[in-house]
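The values are calculated or read from the model by the stated rules, or taken from the named source; none is laboratory data. All values reported here derive from a predicted model rather than from experimental measurement. No Cβ is skipped: glycine too gets one built from the backbone with ideal geometry, and neighbour counts run over all protein chains shown.
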């Protein structure tokens with residue numbers, strides 16, 4: 001394939017997978033901007049709302065146990081297609097729920113199906129994009145989280161809380177269409193195709209996924225710490241996306257639900273800028289220091305904690321929106337960094353299962369944290385529950401980054417040894433010398 005054709009194909013699949021990811025995130029976030037209207041119509045309280053949110057992450061946890069290993073063994077574009085069709089159909093059906101149990105089941109089913117996307121898509125993209133550009137590619141994928149959240153907020157605001165069912169129909173139809181496009185446009189790359197070691201040796205990579213092999217990777221401290229870092233950043237971001245509109249209206253910072261949803265747009269713009277800046281910084285700084293993703297993550301967690309502490313002590317909408325932009329910008333520097341850390345300490349055939357395992361951990365933690373935010377809010381006040389959870393996650397993220405500074409370089413070297421052990425020379429080449437054929 002010509003280089004120009006290769007670059008065009010890479011651009012096309014990045015855009016397509018970004019669109020799928022945006023719809024994926026929007027589907028998950030459609031409930032947040034209309035939470036008060038849904039609570040009123042279905043006669044729910046904050047604890048039940050927290051249970052619905054927790055169910056999304058608990059069933060995503062179960063889905064990761066299924067989709068991750070499957071993505072490391074089967075054709076990834078088929079998995080993305082099947083999952084997108086399933087979660088979009090369930091999102092569409094959410095528009096007809098009439099009770100709390102029905103809403104609980106619909107959101108849980110959607111979440112199980114959408115768990116296919118990240119393990120398959122991130123593994124496929126990093127086996128397609130050149131390694132020198134993977135930071136910006138991951139940054140582009142990372143910005144789909146805030147853009148998807150914004151898409152949910154904007155559509156819900158335009159439609160109005162009283163017509164909260166319509167956005168579920170809109171995004172369900174769009175998701176079905178994109179799932180079909182994935183089937184016909186994506187090509188399945190070889191696993192490890194962009195590994196520099198494999199390209200330099202011009203050999204065949206023979207690594208294959210196994211549960212026994214993955215269990216051995218769990219002895220790498222940096223892999224476990226990366227799960228912790230991913231959990232901290234995800235808990236912060238998903239908690240902000242879900243609870244912030246309710247927080248802004250309850251404390252009279254925003255006058256109504258629609259205004260509260262739109263007030264989050266500066267934070268979302270900050271998230272987008274942070275994801276792109278984080279990807280760009282990683283691509284530049286990794287050439288100078290192997291530890292660049294860790295240092296960027298430490299800055300993101302430390303800066304985010306300071307900005308969040310300020311934000312939860314402000315009650316003027318304009319100032320809150322300005323500070324929220326800075327919070328998004330600083331915090332989202334970590335998004336491409338954490339994926340680069342994970343993929344740097346596992347071999348190519350384990351990438352999807354690594355993503356899914358990380359998602360299992362973070363979904364479990366988010367489901368528990370979300371439930372307790374609702375529970376503590378009912379018992380005391382939302383500001384204590386919501387703000388306390390956010391600050392606690394930032395503090396834990398700082399500790400994790402400090403530990404990674406001690407372990408990361410050693411574990412990258414151990415991973416590279418594993419890749420080298422699975423590299424096979426072509427049959428007619430040995431140390432660069434062609435073998436003579438028998439007469």
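A count restricted to the range 336-354 and to residues that are at pLDDT 90 or above and in a helix (DSSP H, G or I) stands at 13. Does residue 61 satisfy being crowded, with 23+ Cβ neighbours inside 10 Å and closer than 26 Å to residue 239 by Cβ? Spelling it out, it is not the case that residue 61 is crowded, with 23+ Cβ neighbours inside 10 Å and closer than 26 Å to residue 239 by Cβ. Here residue 304 meets each of (1) free of Cβ contacts under 8 Å to residues at least 12 places away in the same chain; (2) in contact with a helix residue (DSSP H, G or I) (Cβ under 8 Å, 6 or more places away or on another chain) with one exception, condition (1).
Contact map, the range 169-187: first residue over 12 Å from residue 86 (Cα atoms), second residue not in a helix (DSSP H, G or I), Cβ cut-off under 9 Å, separation 6 or more or different chains; pairs are 171/30; 187/128.
With a requirement of 3 or more residues that are exposed (fewer than 15 other Cβ atoms within 10 Å of the Cβ), the helices (runs of 4 or more DSSP H) lying completely within the range 167-264 that satisfy it span 196-201, 211-217.
Checked against (1) under 23 Å from the mean Cα position of the chain (by Cα); (2) over 26 Å from residue 119 (Cβ atoms); (3) surrounded by fewer than 24 Cβ atoms within 10 Å (Cβ to Cβ), residue 343 meets all criteria but (2). The single condition among (1) within 16 Å of residue 153 (Cβ to Cβ); (2) more than 20 Å from the chain's Cα centre (by Cα); (3) at pLDDT 80 or above that residue 51 does not meet is (1). Does the range 409-417 include one or more residues that are out of contact with any strand residue (DSSP E or B) (no Cβ under 7 Å at 6 or more places or on another chain), at pLDDT below 90, in a helix (DSSP H, G or I) and closer than 24 Å to residue 348 by Cα? So far as the range 409-417 goes, yes, one or more of its residues are out of contact with any strand residue (DSSP E or B) (no Cβ under 7 Å at 6 or more places or on another chain), at pLDDT below 90, in a helix (DSSP H, G or I) and closer than 24 Å to residue 348 by Cα. Restricting attention to the range 313-322 and to residues that are surrounded by fewer than 18 Cβ atoms within 10 Å (Cβ to Cβ) and touching a helix residue (DSSP H, G or I) at 6+ places or on another chain (Cβ under 8 Å), the residue that is nearest to residue 383 (Cα to Cα) turns out to be 314.
If you go through the range 126-143 one residue at a time, do you hit one that is over 30 Å from residue 326 (Cα atoms) and part of a helix (DSSP H, G or I)? No: the range 126-143 contains no residue that is over 30 Å from residue 326 (Cα atoms) and part of a helix (DSSP H, G or I).
I'm trying to understand the selection: among the residues of the range 367-385, which are in contact (Cβ under 8 Å) with a residue 40 or more places away in the chain and either outside any helix (DSSP H, G or I) or within 21 Å of the chain's Cα centre (by Cα) (or both)? Matches in the range 367-385: 367, 368, 369, 370, 371.
For the range 335-357, does any single residue satisfy the condition of being free of Cβ contacts under 8 Å to residues at least 40 places away in the same chain and touching a helix residue (DSSP H, G or I) at 6+ places or on another chain (Cβ under 8 Å)? There is no residue in the range 335-357 that is free of Cβ contacts under 8 Å to residues at least 40 places away in the same chain and touching a helix residue (DSSP H, G or I) at 6+ places or on another chain (Cβ under 8 Å). Being surrounded by fewer than 24 Cβ atoms within 10 Å (Cβ to Cβ) and modelled with pLDDT of 85 or more is a description that does not apply to residue 72.
For the range 90-109, the count of residues that are within 17 Å of the chain's Cα centre (by Cα) and either without any contact (Cβ under 8 Å) to a residue 60 or more places away in the chain or buried (at least 20 other Cβ atoms within 10 Å of the Cβ) (or both) is zero. The range 1-107 holds helices (runs of 4 or more DSSP H) entirely within its bounds, and those carrying 3 or more residues that are out of contact with any strand residue (DSSP E or B) (no Cβ under 6 Å at 6 or more places or on another chain) and under 22 Å from residue 144 (Cβ atoms) map to 3-29, 46-73, 76-93.
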